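Since the structure comes first, as structure tokens, the remarks are kept for the end.
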Amino acid sequence: ACLGLWHAHLYREGRSWRQKLERALNDDRLTVHYQPIVRLSDNRICGAEALARLVDFDGTLIPPDHFIPAAETCGFIGQITRSVVRRAFTDMAAHFAADPNFYVSINVASEDILSLEFLDFLETETRSHGLSAGQVALELTERSTASEDSLTQAMAAFSRRGYRILIDDFGTGYSNLAYIARMPIAGIKIDRMFTQALDQQAIGALIVSKVCELAAGLKVDLICEGVETEDQAARLAVMYPGMCVQGFLYGRPMPAVPFSRAFAAVDRRGP
Ligand code: C2E
Ligand code: CA
Ligand code: CA
């Protein structure tokens, strides 16, 4: 009986998320916030991560941790990713135009990476917004469940076309290092769990320094998430001066307009 009730509960919840997501997408109530990504060596902004939010009927924002897993199971994730791409390309237009090295980082699900239609969509959008593929990074969480071989092959197709693939939440999954070394990745994002352990536990510093060595060995970019204090930033600068950082110390995720006000596009197109 308990099992039956539990199944009924799961079914009801799944159905209510499906309806909620369907209505939100039809009403165009998906919005995107942006968090700056900063180069530690000169404190300059080098990109922004696009983070999805759903606007509820009363205007409250539903955080992605609530609706992204539901969107993955209900089959809406592809639609959400495409919507985030379109918005981010439009919202960040001034930054892209001013700085050819500015990039936007989009969170993708393994389903997106495994889809050739998504690659075609991305290329069409990149071209129609006058961007280069190098101005787009795709963040794939290390906890993806798809098979390693099929993911590696699919990632190669994106990286051959110039898109930068980043492994997100590094350290929270179970990937073996040989697998990471074989993947066509452009960078690693260290999970904030380790950043936050930097000034509390010796093990935090040890893990971050090992990931720094790994990134240097693989010659890939390193981005550290969840930097909240000057002390953490100072420790990271000693460990790996070339890394980029992201966290509340530099800016919380915010809508496009305040983002552009706080981080004005600076012309770096050269002479
Ligand atoms: P994530 O990709 O690891 O994104 C970073 C999360 O950490 C964001 O939460 C951000 O607000 C938060 N954060 C950033 N700096 C700090 C800090 O200094 N301290 C702390 N405590 N937190 C910080 P958010 O926006 O709630 O997103 C949660 C997760 O939802 C993301 O984690 C990502 O996995 C997923 N997500 C967000 N947008 C999308 C999307 O468009 N598509 C997909 N597939 N997933 C998304
Ligand atoms: Ca991310
Ligand atoms: Ca992350």
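The values are calculated or read from the model by the stated rules, or taken from the named source; none is laboratory data. Note that the structure is a prediction, hence the values are computed from the model and not measured. Every residue, glycine among them, receives a Cβ derived from its backbone with ideal geometry; neighbour counts consider all protein chains shown. For accessibility, only protein heavy atoms count, side chains too; no ligands or nucleic acids. Shrake-Rupley method; radii C 1.70, N 1.55, O 1.52, S 1.80 Å.
A simple packing score, the average count of other Cβ atoms within 10 Å per residue, orders the peptides 86-97, 125-136 as 86-97, 125-136, with the highest score first.
Taking only complete DSSP H runs, can you tell me which helices of the chain stretch 27 Å or more along their own long axis by Cα positions and average at least -1.0 on the Kyte-Doolittle scale?
Result, helices passing both filters: 2-26.
The accessible area of Asp65, taken with all protein chains in place and a 1.4 Å probe, comes to roughly 130 Å².
Each label was represented as a point 7 Å from its Cα along the Cα-to-Cβ direction; for Asp120 and Glu230 these points are 5.4 nm apart. Per the Cα gyration tensor, the stretch 214-271 maps to an equivalent ellipsoid with semi-axes of 24, 18, 11 Å, ordered largest to smallest. The per residue volume of the convex hull around the alpha-carbon atoms of the stretch 28-77 is 103 Å³. Annotation: amide H of Ile37 within the under-5 Å range of Cys46, Gly47, Ala48, Glu49, sequence separation 5 or more or interchain, hydrogens built in the peptide plane. Each principal axis of the Cα cloud of the stretch 111-163 was taken in turn, and the coordinate range along them, longest first, works out to 34, 18, 16 Å.
Calculated mean residue ellipticity, 222 nm, the chain: -15000 deg cm²/dmol, from DSSP H runs (n ≥ 4) at -39500 (n - 2.57) each, averaged per residue and rounded to 500. The modelled label-to-label distance between Ala237 and Ile203, using points 7 Å beyond Cα along the C-beta direction, is 2.9 nm. Estimated from the Cβ-Cβ distance and a Förster radius of 30 angstrom, the FRET efficiency linking Asp42 and Glu111 is about 0.20.
Regarding the chain, what whole-number volume in Å³ per residue does the convex hull of its Cα atoms give?
In the chain, the Cα convex hull volume per residue is 160 Å³.
Global size of the stretch 1-160: 17.6, 62 Å for Rg and Dmax (C-alpha atoms, Rg to one decimal, Dmax whole). Electrostatic tally near Ile77: other residues with Cβ closer than 9 Å to its Cβ, Lys and Arg +1, Asp and Glu -1, net -3. If you take the Cα centroid of the stretch 213-271 and the Cα centroid of the stretch 189-203, the two points sit 16 Å apart.
Its Cα gyration tensor gives the stretch 113-265 an equivalent ellipsoid, and the semi-axes of that ellipsoid, as √(5λ) in whole Å with the largest first, are 27, 22, 12. Can you tell me, using C-alpha contacts under 8 Å and at least 6 residues apart, the relative contact order of the chain as a whole percent? Dividing the mean separation by the residue count of the chain yields 20 percent.
Using Cβ point charges alone (K and R +1, D and E -1), the dipole size of the chain about the Cα centre works out to roughly 360 debye. Between Thr172 and Ala146, the modelled labels are 1.9 nm apart [label points 7 Å from Cα along Cα→Cβ].
The slack in the chain from Glu213 to Arg161, taken as 0.36 nm per residue of separation less the alpha-carbon distance, amounts to 16.0 nm. Take every DSSP beta bridge whose two residues both sit in the chain; close to 40 percent of them are antiparallel.
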